[in-house]
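Working notes, structure below.
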Amino acid sequence: MQYVTVLMGLGIVCLFILNVYQFLTQKAALRIAEILYIMSRHVREKASEVRREGKDVEIVEAHLFDISTSARTLLRTLGRSETALGPDPALDLPPSSNKLDSESLLRLADNILYSVVEDSPEAEWEDVVNRTLERFLIKAPTLDREAAKRIIDVVAQRSEKPNGSLIFSFKE
């Protein structure tokens with residue numbers, strides 16, 4: 001009987017240590033994600049500033065935007081609320097140039113679609129596309145609604161697999 005009690009006591013101690021280890025690991029991952037998120041926002045803002053001055057850093061901007069979106073997703077997965085994260089970079093940072101070429105518009109639409117899907121993964125596909133269109137029109141106000149809808153439709157078709165699940169090139 002005494003051996004069973006000692007064995008159960010050791011099991012409880014092991015589970016307690018494992019629980020503390022899991023808690024500390026989660027806290028460390030959360031802190032790393034917060035740091036990554038803040039750094040990526042600052043670098044993206046600086047890249048936007050350089051872009052306004054006429055230097056071509058569009059590719060760097062796109063990669064940094066992906067880092068910011070990934071860090072935001074990681075923070076949300078680890079339990080941060082949307083209000084604690086602050087505004088979404090897809091909505092609060094304006095495009096860095098008044099003239100956007102077709103690749104920039106497609107990349108912007110793709111980023112916004114990904115952001116909308118991350119905000120509400122259970123939403124109907126039509127609702128996701130409509131919200132993406134509204135956000136896209138905010139980011140690219142010079143486009144007329146029909147042109148923006150065509151761009152969003154192309155991105156939405158490219159992001160959907162035949163079985164109905166979503167794919168995103170920068171998540172894989």
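Annotations
- For residue 35, net neighbour charge (Lys/Arg +1, Asp/Glu -1) across residues whose Cβ lies under 14 Å away: +4
- Evaluating 6.51 cos²θ - 1.76 cosθ + 1.60 at θ = phi - 60° for every residue in the stretch 32-39, the Karplus couplings come out as 4, 5, 4, 4, 4, 4, 5, 4 Hz, glycine and proline recorded as x.
- Peptide ranges 25-33, 5-13 listed from the most packed, as the mean C-beta count within 10 angstrom indicates: 25-33, 5-13
Where a number appears in this text, it was derived from the coordinates with a stated rule and is not lab data. Values in this document were obtained by computation on a predicted structure and should not be read as measured data. Every residue, glycine among them, receives a Cβ derived from its backbone with ideal geometry; neighbour counts consider all protein chains shown.
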